[in-house]
Amino acid sequence: MKLIDSFGRQINYLRLSITDRCNLRCRYCMSTDGVATCSHKEILSYEDLQLIAETAVSMGIEKIRVTGGEPLVREGVVPFLARLSGIDGLRHLAISSNGILLSKMAQDLYLAGVQRLNISIDSLEEEKYRQITRGGELKMVFAGLKAAEKAGFPAPKINVVAMRGFNDDEIIAFTELTKTHGYSVRFIEYMPTLELAGWQQQVISGQEILDRISRRYALEEVEKGAYAGPSKDYRIPGAFGTIGIITAVSGHFCATCNRIRITSTGKAKSCLFSNQSTDLVPCLRLGDRTGVRRKLEELVWNKPECHSISIDGYKHDNFLMSQVGG
Ligand code: SAM
Ligand code: SF4
């Protein structure tokens, strides 16, 4: 079965946020004064998350990414992932994580059936990493990457939110990681979710990132693999890994968008920047699978053609990426 929206796009990818809590507080994701997390009661139970996942897969979703907040901080995440990976028809299960807890959990995640890891690292310098994450220890993330490799995971995707004046001086260092490691390093344009003052100056367009790398290296384009994300991918000839550019702000990838999102409190969103969401909780309270299905069908059908943010002007309500899941 295929899930198709009103613009003919096939929707086969679900991002499932299982918590809004996190063991880091990245500056671009959470506000300076901390975040009012939702109450425990509001966060969906694993049973509800499973019901949503099963329903979505029965409708045509093939790939699920579990995200957050930081998914690895939620108690019981490993058995939950094992249950998800057992859903008949699900072809790809991935998680997005900051990697802080990965060294302890990599083996269990692998055994639970997680197939791929996306790990966020915004600086390769310890002090700068500490600053952007408000206290994170980079060494722990690299220990996690090592443990993941040992456990049998394929080389992870490394997500880097590129910000002018902060980590743009590391674009080449991140690129050069791919010469020695099979990582897919993906530069993500900084998105103005919190509308921080002067955000426009901090956005570096994907094109500028590419230009800067191209001045140093002749890049070759890379064909997209199955279940590849929205990045445009390149390789330094002979390198083990690839680099990718995700132009979330400057050049929309809306025309090929294949995803829907569920927040940790059960709101379904068809576009990250849409102000609209569909509350699945009333159906979940009744264990009403048909109701969840109907709401997801409606959500997909009403998926907007394109989001409306750009560097020149954008319209959306501020939101916490940690609540939506990125
Ligand atoms: N905690 C996990 C992590 O950091 O990977 C998963 C959740 S996080 C919200 C998912 C992704 O959203 C991360 O790659 C993060 O860098 C990205 N993200 C958060 N806020 C962002 C922003 N304002 N602009 C661009 N990407 C952002
Ligand atoms: Fe936490 Fe991920 Fe947001 Fe950083 S980007 S604060 S790690 S949820």
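Given H placed on each backbone N at 1.01 Å, which residues far from residue 66 in sequence or on other chains put an amide H within less than 5 Å of it?
16, 94, 95, 96
Over the Cα atoms of the chain, what Rg and Dmax result, in angstrom?
When restricted to Cα atoms, the chain yields Rg and Dmax of 18.8, 58 Å.
Below 11 angstrom from the Cβ of residue 62, what's the summed charge of the other residues (Lys, Arg +1; Asp, Glu -1)?
Cβ neighbours under 11 Å give a net charge of +3.
Probe radius 1.4 Å, ligands and nucleic acids ignored: give me the carbon and sulfur share of the accessible area of region 139-289 as a rounded percent.
That fraction is 52 percent.
Over its Cα atoms, what ratio of radius of gyration to 2.2 N^0.38 Å does region 1-127 give?
Working it through for region 1-127, the quotient is 1.13.
At a probe size of 1.4 Å, how large is the accessible area of residue 191, to the nearest 10 Å²?
30 Å²
Hey, can you find the accessible area per residue of region 1-155 for me, probe 1.4 Å, expressed in square angstrom?
The answer is 42 Å² per residue.
What figure, in Å² to the nearest 10, do you get for the accessible area of residue 7 with a 1.4 Å probe and non-protein molecules left out?
Using a 1.4 Å probe on the heavy atoms, I get roughly 100 Å².
Just to confirm, what accessible area per residue do you get for region 164-268 at 1.4 Å probe, in whole Å²?
43 Å²
Set the Förster radius R0 to 22 Å, insert the Cβ-Cβ distance between residue 127 and residue 180 as r into 1/(1 + (r/R0)^6), and round the FRET efficiency to 0.05.
Step by step, r from the Cβ atoms, then E = 0.40.
If R0 is 41 Å, what FRET efficiency do you get for residue 211 and residue 149 from their C-beta distance, rounded to 0.05?
That gives a FRET efficiency of 0.80.
Hey, which of these cross-link pairs are over 20 Å Cα-Cα: 224/269; 63/157; 139/224; 104/146?
224/269; 139/224
Got a number for the accessible area of residue 281? Probe 1.4 Å, square angstrom, nearest 10.
The value for residue 281 is about 30 Å².
Percent of Cα-Cα pairs per 5 Å bin, from 0 to the last occupied bin, for region 68-210, please list those.
2, 9, 17, 21, 19, 14, 10, 6, 2, 0
In the Gaussian network model of the chain, springs joining C-alpha atoms below 10 Å, which of 185, 77, 66 carries the largest mean-square fluctuation?
For the chain, modelled as a Gaussian network with Cα springs under 10 Å, the answer is 77.
Any cysteines in the chain with zero other Cys Cβ atoms under 4.7 Å from their Cβ? List them, or say none.
So far as the 4.7 Å Cβ criterion goes, 22, 38, 257, 271, 283 stand without a partner in the chain.
Quick one: which residues, 5 or more positions from residue 249 or on another chain, have an amide H under 5 Å from its amide H? H modelled 1.01 Å from N in the peptide plane, none for Pro or chain starts.
189
Within the set of other residues whose C-beta is less than 10 Å from the C-beta of residue 129, count the net charge using Lys and Arg as +1 and Asp and Glu as -1.
Here the count lands on -2.
So what is the orientation-averaged projected area of region 120-164, using the convex hull of its C-alpha atoms, in nm²?
Quarter of the Cα hull surface area: 3.2 nm².
Which aspartates and glutamates, on any chain, are close to residue 150 with Cα under 20 Å apart, when same-chain ones fewer than 8 places away are left out?
Straight-distance partners of residue 150: 108.
The values are calculated or read from the model by the stated rules, or taken from the named source; none is laboratory data. All values reported here derive from a predicted model rather than from experimental measurement. All Cβ positions, glycine included, derive from the backbone under ideal geometry; neighbour counts span all protein chains shown. To get the accessible areas, we keep the full protein, side chains included, count just its heavy atoms, and leave off ligands, DNA and RNA. Shrake-Rupley method; radii C 1.70, N 1.55, O 1.52, S 1.80 Å.
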